[in-house]
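Student: Starting off with a structure, shown below.
The values are calculated or read from the model by the stated rules, or taken from the named source; none is laboratory data. Just so it is clear, the model here is predicted, and its values are computed rather than measured. Here Cβ is always computed from backbone atoms with ideal geometry, including for glycine, and neighbour counts include all displayed protein chains. Ligands, DNA and RNA are excluded from the accessible area calculation, which covers all protein heavy atoms including side chains. Shrake-Rupley method; radii C 1.70, N 1.55, O 1.52, S 1.80 Å.
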Amino acid sequence: MADVMNVGVNLEAFSQAINAIQALRSSVTRVFDSLKDGMKNKETLEGREKVFITEFQDNLQSVNRDLNELERLSTLVGRPSESHPLHNSGLLSLDPVQDKTPLYSQLLQAYKWSNKLQYHAGLASSLLNQQSLKRSANQMGTSAKRRPKVQPSTLALPTQYVDDVISRIGRMFPDMSIELFRPNGTSAVLLVTLGKVLKAIVVMRSLFIDRTIVRGYHENVYLEDKKLDIWSKSNYQAFQKVTDHATTALLHYQLPQMPDVVVRSFMTWLRSYIKLFQTPCQRCGKYLQEGLPPTWRDFRTLEAFHDTCRQ
């Protein structure tokens, strides 16, 4: 009922009107009570009739007074706005049997979710409209010349700058060894050795990380032609889990304006696996669950969790 009523209603007058209704009901009750009781015992018949008529007149005047007060307050209450959240469906809230017919509450919940969906769709549309690579049939039809595709500046960073960033990150973590390879020209491939725990192959495009493969420390990371194997998965389920979590981390650490910060944040997260088999789960306190160590690392606190305990 509160959802249907609008702020345009005078709530103070509405409260007084409810009190006036209660007073009117009490006055009417006293009238019928006096009629039911009849004339009270008095010494003479004339005295009994006089007392009965006097009380009856007083009760009728009280009813008349309370009725006039209710009529006066009804003009001050005002009328609720007709713009219900669900238009005429808002009248369903007047049904007193809500347990058997919860139709209005369900409609109201659907209406709220529809508003949220429309709001977030508008935000997504505004963000997509800000993209510089937007194309449409109208733009291509109106322009005689096709504009050249503008590459983001972060994809064309000098190789020397990329090497300096990787070198600084390597100096930040003495227990992490980083070897840089360029098998296909400018694109870099990093071989990250984390203590004696694991080896990670990080495929980069300038300073953007494309993919990461994590294998055990004693697993072979080279092909027969001595090139890095950037496709084969680890033979161990624990490192396969770490590879999946590393892919999730790549989606989490996204800051196109500062790619060096992204690489440094990802390497800091990867370094948290230095004690993969020595750190217990922060949720259950166990070192192993279903034969696996805690392979998940929180992106902010870097705390260790089992894959099933992190939720």
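Student: Sort CYS284, CYS309 by accessible area with a 1.4 Å probe, largest first.
Tutor: CYS284, CYS309
Student: So how far apart, in nm, are the two label points at ASP164 and LEU123 if each is 7 Å from Cα heading toward Cβ?
Tutor: The modelled label-to-label distance comes out at 3.8 nm.
Student: Beta carbons within 10 angstrom, averaged per residue: use that to sort the peptides 301-307, 211-217, highest first.
Tutor: Result, highest mean Cβ count within 10 Å first: 211-217, 301-307.
Student: Going by average Cβ density within 10 Å per residue, which order do the peptides 159-169, 110-120 take, highest to lowest?
Tutor: Averaged packing, sorted descending, gives the order 159-169, 110-120.
Student: Of LYS227/LYS286; LYS196/LYS286; LYS196/LYS241; LYS116/LYS241, which pairs sit farther than 29 Å apart, going by alpha carbon to alpha carbon?
Tutor: LYS227/LYS286; LYS116/LYS241
Student: Test of understanding: what is the full-extension gain from TYR111 to LEU191, defined as 0.36 nm times their sequence separation minus their Cα-Cα distance?
Tutor: 23.5 nm
Student: I would also like to ask the following. For LYS112, list the aspartates and glutamates whose Cα falls under 13 Å from its own Cα; do not include residues on the same chain fewer than 8 positions away.
Tutor: The qualifying aspartates and glutamates are ASP3.
Student: Non-local amide H neighbours of SER206 (under 5 Å, H modeled in plane, Pro and chain starts lacking H): which ones?
Tutor: The list, which skips near neighbours in sequence, is ALA188.
Student: Give, in nm to one decimal, the length gained when the segment between LEU223 and PHE277 is fully stretched (0.36 nm per residue of separation minus the Cα-Cα distance).
Tutor: Stretched fully, the LEU223-PHE277 segment lengthens by 16.7 nm.
Student: On a full-extension model of 0.36 nm per residue, what is the gain between GLU12 and VAL51, subtracting their alpha-carbon distance, rounded to one decimal in nm?
Tutor: 10.1 nm
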